[in-house]
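A quick write-up on the structure given underneath.
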Amino acid sequence: MLTDVNFEPSNLCNANCIFCGYQFQGRAHESISDEVAHRIIDLARRSGVARLGITPLVGEPLVHRHLEAYIRRAAALPAGLAVGLTTNGILLTPARFRSLVAAGLTDLAISMTYPDENEYLRIYRSKKLRTVVANLDSILDDLDDAGRRLRVSIGVRTDRKTGWQDHPLFIKARARGWQLARNRFFDDWSGQTAPAMEREGLWTRPNRPKRLPCTMTYSGPHYFSDGRATACGCRDLDGKSELALDPMQLEADLHAVYETGAMVGLRERFRAGTAPEICQSCRHYNPAYEGEAIPARLTQLVGDLSHGVSSTVALFRTERANAQASDRSLNR
């Protein structure tokens with residue numbers, strides 16, 4: 001189901017995380033123009049999708065100074081869109097947080113490590129942890145009713161097995177209603193990030209067989225800051241793969257592209273076992289089971305089991321149980 005339209009405000013970042021493809025992109029750094037951003041937002045609104053995503057494929061969205069204007073345009077009634085983004089928090093000052101909330105942002109994800117300077121320096125390759133912590137502390141201390149309505153989550157990139165959720169900042173965040181989760185499973189960008197992640201105890205997801213169409217082939221397009229488009233917001237780092245989409249066709253009829261056009265052919269390639277090369281090594285892959293024939297679903301399931309997905313699911317369940325236990329302890 002076509003659910004969202006996404007664009008990157010900028011492909012420039014103020015960190016250089018070991019798990020991110022940012023370090024490998026070949027594109028020049030640039031920010032989206034007002035003209036291109038407005039065209040994409042207006043397309044999303046008239047197409048009836050539910051959400052505008054403004055998280056870059058790689059980059060930091062808060063480096064764009066017109067971000068709030070884009071959010072206001074997307075969220076304006078009638079037919080306002082939900083708007084979400086992910087940030088590393090370095091530029092998320094209390095004033096910027098209030099500005100984003102006032103503009104109509106609905107979902108905010110914050111990416112960081114456990115608040116340890118050495119860990120942050122190794123994984124994010126940035127010396128700005130104190131800035132991030134000070135920003136979040138100040139925001140949490142001054143949350144008004146509008147700020148509390150914003151759905152906020154913190155994704156903690158750490159190899160710590162115990163105690164990672166017990167830092168005072170995280171305890172305060174959960175007490176204010178923010179979600180907290182540990183992230184240890186990542187794509188490895190075709191093996192490029194694997195050695196650095198392994199040194200830090202960050203794990204690569206299993207490379208699942210591609211028997212069913214990826215959910216990305218249904219959800220909606222992703223636009224680069226230069227106005228080009230791709231079917232994938234996970235791996236198409238420079239927009240030079242077979243996943244490229246024609247922006248003019250998308251603007252003419254977004255639903256046609258996804259329901260009878262280029263995306264139909266892309267899904268068929270997955271079913272035929274000939275998914276694009278960039279997809280074959282992708283560890284973000286999530287198969288879309290709904291609407292598929294039973295034999296195809298079984299083939300995917302058997303392939304997953306043979307590639308160790310069952311053990312990964314068990315690890316996810318263990319981590320979820322740990323988080324729930326921590327929540328119960330905090331509530332007591």
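The values are calculated or read from the model by the stated rules, or taken from the named source; none is laboratory data. What you are looking at is a predicted structure, and each value in this text was computed from that prediction instead of being measured. Glycine also receives a Cβ, built like all others from the backbone with ideal geometry; neighbour counts cover every protein chain displayed.
Quick notes
- Selection status of residue 108, closer than 30 Å to residue 69 by Cα and either surrounded by fewer than 18 Cβ atoms within 10 Å (Cβ to Cβ) or among the hydrophobic types (A, V, I, L, M, F, W, C) (or both): yes
- Tallying residues that are in a helix (DSSP H, G or I), among the hydrophobic types (A, V, I, L, M, F, W, C) and within 18 Å of residue 21 (Cβ to Cβ) within the stretch 109-135 yields 1.
- Of all residues making up the stretch 201-218, the number that are touching an Asp or Glu at 6+ places or on another chain (Cβ under 6 Å) and in contact (Cβ under 8 Å) with a residue 60 or more places away in the chain: 3
- The residues in the stretch 42-65 that are in contact with a strand residue (DSSP E or B) (Cβ under 9 Å, 6 or more places away or on another chain) and free of Cβ contacts under 8 Å to residues at least 40 places away in the same chain can be counted, and the count is 3.
- For the stretch 193-219, residues that are out of contact with any helix residue (DSSP H, G or I) (no Cβ under 6 Å at 6 or more places or on another chain) and either part of a loop (DSSP other than H, G, I, E, B) or closer than 30 Å to residue 148 by Cβ (or both) total 7.
- Residue count for the stretch 124-181, restricted to those that are closer than 18 Å to residue 87 by Cα and in contact with an Asp or Glu (Cβ under 9 Å, 6 or more places away or on another chain): 12
- Of all residue pairs spaced 6 or more apart or on separate chains, those with beta-carbon atoms under 6 Å, a first member in the stretch 264-287 that is of a type outside the set (Lys, Arg) and a second member that is not in a loop (DSSP other than H, G, I, E, B) are 266/217; 275/269; 285/214; 287/300.
- Output for the stretch 98-118, where each listed residue is under 22 Å from residue 160 (Cα atoms) and touching a Lys or Arg at 6+ places or on another chain (Cβ under 6 Å): 113, 114
- Criterion applied to 259, 242, 251 was being at pLDDT 95 or above and surrounded by fewer than 14 Cβ atoms within 10 Å (Cβ to Cβ), and the one residue passing it is 259.
- Failed condition for residue 28, given (1) under 16 Å from residue 85 (Cβ atoms); (2) free of Cβ contacts under 8 Å to residues at least 24 places away in the same chain: (1)
- Residue 95 fulfils the conditions (1) surrounded by 21 or more Cβ atoms within 10 Å (Cβ to Cβ); (2) of a type outside the set (Ser, Thr, Tyr); (3) within 30 Å of residue 167 (Cβ to Cβ) except for a single criterion, (1).
- Of all residues making up the stretch 20-41, the number that are more than 26 Å from residue 51 (Cα to Cα), under 18 Å from the mean Cα position of the chain (by Cα) and assigned to a loop (DSSP other than H, G, I, E, B): 1
- First in the stretch 128-152 and at negative phi and among the hydroxyl-bearing types (Ser, Thr, Tyr), second anywhere and at pLDDT 95 or above and surrounded by fewer than 19 Cβ atoms within 10 Å (Cβ to Cβ), Cβ under 6 Å, 6 or more apart: 138/94
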